[in-house]
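Notes follow the structure.
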Amino acid sequence: MKKYSNLYKDTLLKNVIPFWEKNSIDTVNGGYFTCLDDEGKVYDSDKFMWLQGRQAWLFSMLYNKVEKNNKWLEIAKIGVDFICKHGMDSNGNFYFSTTCDGKPLVQPYNIFSDCFAAMAFSQYAIATGDEKIKELAKQTYRNILKKKKNPKGVYEKTTNARPLKNFALPMILSNLVLELEDVLEKEEVEDTIDFSIREVMDVFRDKNSGLIYEFVGLDGTHEDSFNGRLLNPGHGIEAMWFMIDIGVRRNDDNLIKKATDTILKILEYSWDTKYGGIFYFMDAYGKPPQQLEWDQKLWWVHLETLVALSKAYEHTRREELITWYEKVHDYTWSHFSDSKNGEWFGYLNRQGEVLLNLKGGKWKGCFHVPRAMFQCWKSFEKIETSIKTNE
């Protein structure tokens, strides 16, 4: 356990964070560059608001939970300031992307930019005591809740001929509300937790298979269509460590157990027995998925699985979790980690070969890798302490 905790701690603080400190800061316009090649050089200067929020959150979180490092707080401020100045329209909705100097490029077409802005504001407010940013975190969160029934608003392309609801919303709310707990009222925190548990575990989690569906009918039934059969294993597993965090917060051992069982069910279904690794998309009935990238192996899917397995083992000590952990760990560290230039590759083909040698882009930024390093470090540190205490 000490070997693992040291590995994650050292990788976070000596490899991953220095990579982003060195390469991502825009000292001219503010904010962060996220389109970085394998060496960390900027290959596109557009800024994606959800990645701006993620990185500002990450450095604020490190300041709050690891070390009162003023450099980290200054980096967080660079992102928060850019988001406040350029990131939202007059109604408080957050753009998807802007130019390097902050001109809007893509309208606010979903709520994920809003979610990560709210997370950034909350952690930054905790770090600084800034009441205006704290209030902005609250306003952003409540604006998100107003869009629960139609997250894309006027940008929704589907008709009402086949109404389906998406797993992404209750999944992200289950983590977002815990991130914002220090700035929200107790009642609204508990209400959102109740909503998330019910939707994630009782609606999107299939009682027969134990798998998490990406879409279900408005009444929770399954639709025999591409979207109705769609599984995103990474989403399902990531949501389960959110559920474990909620279970710990509420002393709910049944929720922790159910989440652990679900992690194992998803892994058993989605592991590539031929080449190793976890598939990106799958069909619940084994039919051909519509996503052409279905068999790619993505960094965040494997990292979130390592977090989920380490948390599940921390709280249950079930031996099959360690077996799976070592299996996923060996694949992940041997395929995604870049020992030459630092940080991690994001995209592999099915055979495990690097498909894109970028370290950041439109979808990958300073978030999943460092967050997973932090979460796994802390879980293994707690496991180690517990073992020593019991000895």
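In the set (1) open to solvent by less than 60 Å² (accessible area, probe 1.4 Å); (2) touching a strand residue (DSSP E or B) at 6+ places or on another chain (Cβ under 6 Å); (3) of a type in the set (A, V, I, L, M, F, W, C), the condition left unmet by L105 is number (1).
The set of residues from region 201-248 being of a type outside the set (D, E, K, R), touching a strand residue (DSSP E or B) at 6+ places or on another chain (Cβ under 8 Å), closer than 22 Å to T316 by Cα and not in a helix (DSSP H, G or I) comprises L211, I212. Taking region 60-79, which residues are touching a residue at least 60 places away in the same chain (Cβ under 8 Å) and either in a helix (DSSP H, G or I) or touching a Cys at 6+ places or on another chain (Cβ under 9 Å) (or both)? S60, M61, L62, Y63, N64, K65 - these are the residues of region 60-79 that are touching a residue at least 60 places away in the same chain (Cβ under 8 Å) and either in a helix (DSSP H, G or I) or touching a Cys at 6+ places or on another chain (Cβ under 9 Å) (or both).
Out of the residues in region 333-343 that are without any contact (Cβ under 8 Å) to a residue 40 or more places away in the chain and part of a helix (DSSP H, G or I), which is most open to solvent (accessible area, probe 1.4 Å)? Filtering first and then ranking leaves S334. Here A161 meets each of (1) part of a helix (DSSP H, G or I); (2) more than 22 Å from the chain's Cα centre (by Cα); (3) at pLDDT below 95 with one exception, condition (1). Look at (1) part of a helix (DSSP H, G or I); (2) over 27 Å from Y4 (Cα atoms) and you find that I266 fails only one, number (2). Inclusion of L321 among residues that are more than 24 Å from L58 (Cβ to Cβ), in a loop (DSSP other than H, G, I, E, B) and either in contact (Cβ under 8 Å) with a residue 24 or more places away in the chain or not β-branched (V, I, T) (or both) is not warranted.
D44 falls short on exactly one of the conditions (1) within 22 Å of the chain's Cα centre (by Cα); (2) farther than 23 Å from E381 by Cβ, and that condition is (1).
Can you confirm whether region 161-177 contains a residue that is open to solvent by 50 Å² or more (accessible area, probe 1.4 Å) and free of Cβ contacts under 8 Å to residues at least 40 places away in the same chain? Checked against the condition, which is being open to solvent by 50 Å² or more (accessible area, probe 1.4 Å) and free of Cβ contacts under 8 Å to residues at least 40 places away in the same chain, region 161-177 yields at least one hit.
In region 292-318, the residue that is surrounded by the fewest Cβ atoms within 10 Å (Cβ to Cβ) out of those that are closer than 24 Å to V354 by Cα and free of Cβ contacts under 8 Å to residues at least 24 places away in the same chain is L292.
The values are calculated or read from the model by the stated rules, or taken from the named source; none is laboratory data. Worth saying up front: this structure is predicted, and the values here are computed from it rather than measured. Neighbour counts run over all protein chains shown; Cβ positions are idealised from the backbone, glycine included. When the accessible area is computed, the model is the full protein with side chains, heavy atoms only, and any ligands, DNA or RNA have been set aside. Shrake-Rupley method; radii C 1.70, N 1.55, O 1.52, S 1.80 Å.
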